[in-house]
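Report on the following structure.
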Amino acid sequence: MSNAPYVPPNVWHNDAPSGGTFANINRPVAGPTHDKTLPVGKHALQLYSLATPNGVKVTILLEELLALGITDAEYDAWLIRIGEGDQFSSGFVDINPNSKIPALLDRSVEPAIRVFESGSILLYLAEKFGHFLPTDPAGRTQTLNWLFWQMGAAPYLGGGFGHFYAYAPEKLEYPINRFTMETKRQLDVLDRRLGESTYLAGDNYTIADIAVWSWYGKLVLGHLYSAAEFLAVEEYTHVQRWALEIASRPAVVRGQRVNRTWGDEETQVAERHQAADLD
């Protein structure tokens, strides 16, 4: 911890840069910073995203739907470079006033439907195409329980643990310990559940698994924050089993490549406009 204790002012002002990775895109106000029209491709579904854990949720689901032969799930995936502030363009803000990826425009209806927040997009697509969301009340409710669990829990993993462990300008003991404890508690929640059933909602793979895997599955497989050893993820044997099984699905492999601009070159597909782009 710092030697001098921080004393909050009576009224906070954004007087100094916050520092750390992504500090240049943090600001205390909403709305666009510049005018720019988003590109539009030939398909009904237009996705504007980046292959972060939240972004790959949607591309994985779309690739799963296409693997089932649902041709109406074809999509254009446009790259949004969040480090360069693309999410603050007027076109993007028009779809998502919260300026976060992913954002989806469904032009199969008139007027086109704007969908934002990754969990909302998963639910929208699952209902639209009738897959990966059980129709019986018990199965549907269980799926939504875990989908909403992820939406509420992951900020502690991402903005909490991930920020202070991997991205903050200095390592601070209190926040790292605080969010590590919560992350391990969440992993234990998942491990206990997956010790009872094959997937989170029961015997069937659903949008809940896609949403949770994109954060926690990648974490235990060592693909997020380089924190697997620090978190002793080998303790969570049921999560490991589940994570490896989902990682082996061809649609999951494909979905993670879309809008990816880092890592091994063969894993990168900056934009996807047809299935052949992933060949």
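The values are calculated or read from the model by the stated rules, or taken from the named source; none is laboratory data. No experiment lies behind these values; they were computed from the predicted model shown. Positions of Cβ are backbone-derived with ideal geometry, glycine not excepted, and every protein chain shown enters the neighbour counts.
W146 fulfils the conditions (1) buried (at least 17 other Cβ atoms within 10 Å of the Cβ); (2) not assigned by TED's automatic domain parsing to the domain that holds T206 except for a single criterion, (2). Taking the stated definitions as given, is L79 of a type outside the set (D, E), touching a residue at least 12 places away in the same chain (Cβ under 8 Å), closer than 13 Å to V58 by Cα and crowded, with 17+ Cβ neighbours inside 10 Å? Judged against the criteria, L79 is not a match.
Does N98 satisfy the criteria of being in contact with an Asp or Glu (Cβ under 8 Å, 6 or more places away or on another chain) and either polar (S, T, N, Q) or surrounded by fewer than 22 Cβ atoms within 10 Å (Cβ to Cβ) (or both)? Against the criterion (in contact with an Asp or Glu (Cβ under 8 Å, 6 or more places away or on another chain) and either polar (S, T, N, Q) or surrounded by fewer than 22 Cβ atoms within 10 Å (Cβ to Cβ) (or both)), N98 qualifies.
Residues are listed down the side, and each one gets a yes or a no for (1) more than 30 Å from E84 (Cβ to Cβ); (2) in contact with a Ser or Thr (Cβ under 8 Å, 6 or more places away or on another chain); (3) without any contact (Cβ under 8 Å) to a residue 12 or more places away in the chain:
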residue	(1), (2), (3)
A243	yes, no, no
R249	yes, no, no
G255	no, yes, no
D264	no, no, yes
H273	no, no, no
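Check segment 95-103 and report whether any residue there is touching a residue at least 24 places away in the same chain (Cβ under 8 Å), in contact with a strand residue (DSSP E or B) (Cβ under 8 Å, 6 or more places away or on another chain) and in a helix (DSSP H, G or I). The answer is yes, given that some residue of segment 95-103 is touching a residue at least 24 places away in the same chain (Cβ under 8 Å), in contact with a strand residue (DSSP E or B) (Cβ under 8 Å, 6 or more places away or on another chain) and in a helix (DSSP H, G or I). For W262, the test of being within 19 Å of the chain's Cα centre (by Cα), outside the structural domain of V56 (by TED's automatic domain parsing), at pLDDT 95 or above and assigned to a helix (DSSP H, G or I) is failed.
Listed by position, the helices (runs of 4 or more DSSP H) contained in segment 108-200 that have at least 1 residues being free of Cβ contacts under 8 Å to residues at least 24 places away in the same chain, under 27 Å from E245 (Cα atoms) and under 17 Å from the mean Cα position of the chain (by Cα) are 118-129, 137-155. Every condition in (1) among the polar types (S, T, N, Q); (2) modelled with pLDDT under 90; (3) surrounded by 15 or more Cβ atoms within 10 Å (Cβ to Cβ) holds for Q46 except the one numbered (2).
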